[in-house]
1. Quick check: is even one residue across the stretch 145-157 touching an Asp or Glu at 6+ places or on another chain (Cβ under 9 Å), over 26 Å from residue 34 (Cβ atoms) and surrounded by 17 or more Cβ atoms within 10 Å (Cβ to Cβ)?
2. For residue 227, indicate whether it is modelled with pLDDT of 95 or more and buried (at least 18 other Cβ atoms within 10 Å of the Cβ).
3. Among what's in the stretch 52-69 and is touching a Phe, Trp or Tyr at 6+ places or on another chain (Cβ under 7 Å) and part of a loop (DSSP other than H, G, I, E, B), pick the residue that is farthest from residue 245 (Cα to Cα).
4. Return yes or no: is residue 28 under 20 Å from the mean Cα position of the chain (by Cα), crowded, with 18+ Cβ neighbours inside 10 Å and at pLDDT 95 or above?
5. Please count how many residues of the stretch 70-87 are within 15 Å of residue 244 (Cα to Cα), touching a residue at least 40 places away in the same chain (Cβ under 8 Å) and crowded, with 16+ Cβ neighbours inside 10 Å.
6. Output the number of the condition that residue 20 fails; it satisfies all remaining conditions of (1) crowded, with 18+ Cβ neighbours inside 10 Å; (2) at pLDDT below 95; (3) over 30 Å from residue 207 (Cβ atoms); (4) not acidic (Asp, Glu).
7. Return yes or no: is residue 95 surrounded by fewer than 13 Cβ atoms within 10 Å (Cβ to Cβ) and farther than 20 Å from residue 130 by Cβ?
Amino acid sequence: MKKLVLLLLVLPGLAWAQSAFNGTWKADPTTAKMSSKPDTYVLQNGMYDCKTCVPPYKVKADGTAQKVTGHPYFDTIAIKPLDDKRVEESWTKDGKKQGSQTFEISPDGKMMTVSVTDNSAPSGKPVQAKVMMKRVAAGPPGSHAMSGSWEQENFNANDDAMTFTIKVDGDTLTSSSPLGSGYTAKMDGSDAPYKGDPGITSVSVKKLGPNTLEETDKRDGKVISVNKMTVTGNKMTIEWIDKLRNQTGKIVATKM
């Protein structure tokens, strides 16, 4: 989920002076459609097991920082059950708190609301989001109510998390966000550095058609996502493939 809001900020433009991509855009979360595998958690016997995290991890659920490896956005996780329906999670990197989220299960156990605050953006501006999930499988007998498998139904996020700006100058594209992430790249498919997101180290952009571009994001040389952007009038349709989680999605942004 942390990663879900940061993925929407990775967006480029087109290669002529009056590019249809130029301008500031705002993605509308109500248009989001995602084909995703369920998230699976087990909280039981004082341990928290995030089975579908990439990579998975299992830590003590005692509210203290537990070391984890292989995650670009955090190196410790703290899990604290608040009661039989709520769980708090926080994460740090290099000794600095990066964010937190609260899982709250509905009284009937069928829905879960995840309230997220992420303070890791280079700009210092927080990402605030709320994700609604529905249960698709129960957890083990005797486990906490958050245990089981959950599918995302919808989400919303603050404006800074959903807004991005594109500028095309000749064959060069610059993409930026209020959170401080972005890049400048040639639109010839060559790699360029990505700044402000530790999960993405490089990016490449290719023109697929008059109003369509493809962006490929990499981490240490490995492709982690492919994003296709198509502009029609003042609307941009963004389709992505998340290679790490084998998921796809689509959202529509409007030029401001």
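The values are calculated or read from the model by the stated rules, or taken from the named source; none is laboratory data. Note that the structure is a prediction, hence the values are computed from the model and not measured. Counting neighbours? That spans all protein chains shown, and the Cβs are built from the backbone with ideal geometry, glycine included.
1. no
2. So residue 227 passes the test.
3. Of everything passing the filter in the stretch 52-69, 61 is farthest from residue 245 (Cα to Cα).
4. Values: under 20 Å from the mean Cα position of the chain (by Cα): yes; crowded, with 18+ Cβ neighbours inside 10 Å: no; at pLDDT 95 or above: yes.
It is false that residue 28 is under 20 Å from the mean Cα position of the chain (by Cα), crowded, with 18+ Cβ neighbours inside 10 Å and at pLDDT 95 or above.
5. Within the stretch 70-87, the subset within 15 Å of residue 244 (Cα to Cα) is 70-73.
After this cut, where a residue has to be touching a residue at least 40 places away in the same chain (Cβ under 8 Å) as well, the list is 72-73.
From the residues that got through so far, the ones that are crowded, with 16+ Cβ neighbours inside 10 Å too are 73.
Final tally of qualifying residues: 1.
6. (3)
7. Details: surrounded by fewer than 13 Cβ atoms within 10 Å (Cβ to Cβ): yes; farther than 20 Å from residue 130 by Cβ: yes.
The answer is yes for residue 95.
Listed here are the residues, each with its yes/no results for (1) buried (at least 21 other Cβ atoms within 10 Å of the Cβ); (2) at pLDDT below 95; (3) closer than 24 Å to residue 123 by Cα.
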{"site": "194", "(1), (2), (3)": "yes, no, yes"}
{"site": "202", "(1), (2), (3)": "no, no, yes"}
{"site": "207", "(1), (2), (3)": "no, yes, no"}
{"site": "218", "(1), (2), (3)": "no, no, yes"}
{"site": "232", "(1), (2), (3)": "no, no, no"}
{"site": "247", "(1), (2), (3)": "no, yes, no"}
{"site": "250", "(1), (2), (3)": "no, no, no"}
